[in-house]
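Just so it is clear, none of the values below were taken in a lab; they were calculated from the coordinates. These numbers were taken from a predicted model, which means no experiment stands behind them. In this analysis, Cβ positions are derived from the backbone assuming ideal geometry, glycine residues included, and neighbour counts consider all displayed protein chains.
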Amino acid sequence: MEYFGIDVGGTQVKWAVVNEDYAIVEQGKIPTDFSSADEVVDALVGLVEPYRDRIGAIAASVPGTVQADDPDGTIIGGGALTYMDKYPLGRELSSRLGLPAVIDNDGKSCANGEYAAGALKGTKVGVVMVIGTGLGGGVVIDGTVFRGAHGNATEISGIVSNHECAPGKFDLGNMGAIRGGWMGLRGYVCAEKGISPEEAKDIDGIQIFQWVDAGDEAAIRGLHTYARYVVSLCHTLQVVLDPDAIAIGGGISAAPALIEAIHAEEDALYEGWPFPQMKKPNIVLCEMGNDANIVGAVYEARRRLHI
């Protein structure tokens, strides 16, 4: 049997036909050029329709919260796609196409994808941290993604790293989304290089790692400051969840210098660690790349539908 997996992102909708071994048979993508939930559904139905007779289910990864016990696959929030808030995407797709449809959060889909066929395969407890504009994430325990009481578990973007906040409110600048996303790396590097915040807006991750690879000492210092922050987040996840592995993903994870800096800063942090019974994080790279959300959505659909 084959399955139709969809990853609805802020800029692209990626799709794939996935077989029972989680191998991708066919795939493609279209721009996320929509202004309403109805337009999204029309586009998704158009993608699935040519394959309807050969697939057993539809599985979609989306931004926003989706409760596992909601048979309608209703999206809460919708992330950048605010028009998807409170929209029953699973029910609409199933009604239009006559197939079961399972909808899940993108971070949790990524974790499931790495568990099904990637860096978390075989783990008892595995964590994914996806570095993007913010920090996405997911935890898989004994083959099931952990959701928490309200479906919001592992929202790493909300972790506060410095509790010296003004009385009565959080300092958003100290949260994972600001310091841990790729723009946090840009901020550290540009500060070291003396580049103003206004000038920094034109600098992307490619430029940053070109500086690093060329031996730019200021850029390397900034990278290592950022890496220390990532390691501190991994430490928090390690002492709370005790995972076998924490897999790092996202666009900038493709730069070898990033994981090298993370491992170097981790070794420095844990030198002389006084609690040997508490393991230091096993930080690895995600293996599924842009396919993780699709494969993870299919894994979750098969798990829920028992197919």
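In the chain, a dipole from Cβ-located charges (positive for Lys and Arg, negative for Asp and Glu) runs towards its positive end, and of 135, 11, 259 it is 135 whose Cα lies farthest in that direction. Note on segment 37-110: dipole from Cβ charges, positive end direction compared against 109, 65, 40; the farthest Cα belongs to 109.
Only beta bridges with both residues in the chain are counted; by DSSP, about 60 percent of them are antiparallel. The charge dipole of the chain, taken about its Cα centre with unit charges on the Cβ of Lys, Arg, Asp and Glu (plus for the first two, minus for the last two), comes to roughly 540 debye.
Direction-averaged projected area, Cα convex hull, segment 11-98: 5.8 nm², rounded to one decimal. Under Stokes-Einstein, with the Kirkwood radius over Cα pairs as Rh, the value for segment 190-260 at 37 °C and 0.692 mPa s is 242 µm²/s.
For segment 102-161, a crude dipole built from +1 on the beta carbon of Lys and Arg and -1 on the beta carbon of Asp and Glu, taken about the Cα centre, is about 120 debye to the nearest 20. On the principal axes of its alpha-carbon atoms, the chain has extents of 57, 46, 44 Å, going from largest to smallest.
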